[in-house]
Amino acid sequence: AKAIGIKELVKSINFACVKHTDQRRKDVNKTPYINHPIGVMNILCEEGGVTDIPTLMGAVLHDTVEDTDTSPDEILQEFGEEVASIVKEVTDDKSLPKAERKRLQVVNAPHKSKKAKLIKLADKLYNLRDLSRETPEGWTEERVKEYRIWASKVCTGLVGSNPMLENNLKEELSANGVTF
Ligand code: NDP
Ligand code: ZN
């Protein structure tokens with residue numbers, strides 16, 4: 001197989017930028033969506049000490065299949081089997097009802113690969129911080145609280161993959177009265 005390096009990482013960042021171009025986050029300022037996948041990749045590097053390139057590529061691509069017109073086959077063609085498999089592992093089945101998808105995240109978390117677990121930890125950490133920074137329009141405090149409790153359950157199934165990320169998650173949650 002062709003070696004995967006910086007060139008492929010840069011290509012994946014650009015791919016995610018193009019795919020998420022028209023999307024915005026749910027915060028009041030409607031931040032460009034791409035801030036999130038790049039931020040998740042940055043949390044892995046900066047806070048988790050993760051430098052494995054397929055993992056960082058999986059991070060920046062983690063919401064492309066779930067939230068854009070990107071197909072799993074497109075990821076396979078562009079980035080190869082390892083990255084495609086990681087992205088598949090962090091993608092919810094959109095044909096299922098929302099509540100079922102949320103339940104499955106909790107159930108399936110412990111069975112993910114190490115690389116997928118790292119991405120999921122960083123994803124939850126980013127989203128929890130985003131919620132603490134600013135409540136999305138239309139969200140009640142109750143809904144924010146429910147989200148924190150659900151995220152904490154998902155992350156319980158990811159424990160053992162990165163102590164630093166797990167510690168930062170614990171801090172974010174405990175600052176908001178949720179045990180982890
Ligand atoms: P959503 O799943 O709708 O939203 C959370 C997700 O939005 C995050 O996981 C993140 O996903 C993305 N996101 C985008 N912008 C932000 C941001 N600024 N901060 C944080 N996350 C952001 O929310 P819920 O988890 O509440 O799930 C919806 C469920 O809740 C449904 O089942 C719905 O029926 C129910 N619901 C509950 C209400 C309540 O008051 N409890 C009210 C309305 C609905 P990503 O990483 O993919 O970007
Ligand atoms: Zn995400």
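Readers should treat all values here as calculations from the given coordinates under stated rules, not as data from a laboratory. Everything quoted here is computed from the prediction, not taken from an experiment. Cβ sites come from the backbone with ideal geometry, for glycine too, and all protein chains shown count toward neighbours.
Roughly speaking, what is the stretch gain from LYS2 to THR31, that is 0.36 nm per residue apart minus the C-alpha to C-alpha distance, in nm to one decimal?
Full extension from LYS2 to THR31 adds 6.8 nm.
Test of understanding: what is the full-extension gain from GLU81 to ARG129, defined as 0.36 nm times their sequence separation minus their Cα-Cα distance?
Value of the extension gain: 14.1 nm.
How long are the three semi-axes of the equivalent ellipsoid of the chain, in whole Å, if each is the root of 5 times an eigenvalue of the C-alpha gyration tensor, listed from largest down?
Square roots of five times the eigenvalues give 25, 18, 16 Å.
With a Förster radius of 22 Å, plug the Cβ-Cβ distance of VAL106 and MET164 into 1/(1 + (r/R0)^6) and report the FRET value to the nearest 0.05.
The computed FRET efficiency comes out at 0.45.
Subtract the Cα-Cα distance of ALA175 and ASP73 from 0.36 nm times their separation in residues, and report this length gain in nm to one decimal.
Difference between extended and current length: 32.6 nm.
May I ask you to derive the FRET efficiency for ARG24 and ARG143 from their Cβ-Cβ distance with R0 = 22 Å, giving the value to the nearest 0.05?
Computed FRET efficiency for ARG24 and ARG143: 0.70.
Along the charge dipole of the chain, pointing to its positive end and built from +1/-1 on Cβ of Lys, Arg, Asp and Glu, which listed residue (CYS17, GLN77, GLY58) has its Cα farthest out?
GLY58
If the cut-off is 21 Å between C-alpha atoms, which lysines fall inside it for LYS170, apart from same-chain ones fewer than 8 positions away?
Candidates past the 8-residue exclusion: LYS102, LYS112, LYS114, LYS115, LYS117, LYS120, LYS124, LYS145, LYS153.
Roughly how far apart, in whole Å, are the Cα centres of region 10-32 and region 135-179?
Measuring centre to centre over Cα atoms gives 23 Å.
Between ASN14 and GLU66, what is the spin-label point distance in nm, taking each point 7 Å from the Cα along the Cα→C-beta axis?
So the label points at ASN14 and GLU66 sit 2.6 nm apart.
So how many Lys-Lys pairs in region 1-48 land under 19 Å Cα to Cα, not counting same-chain pairs under 8 apart?
4
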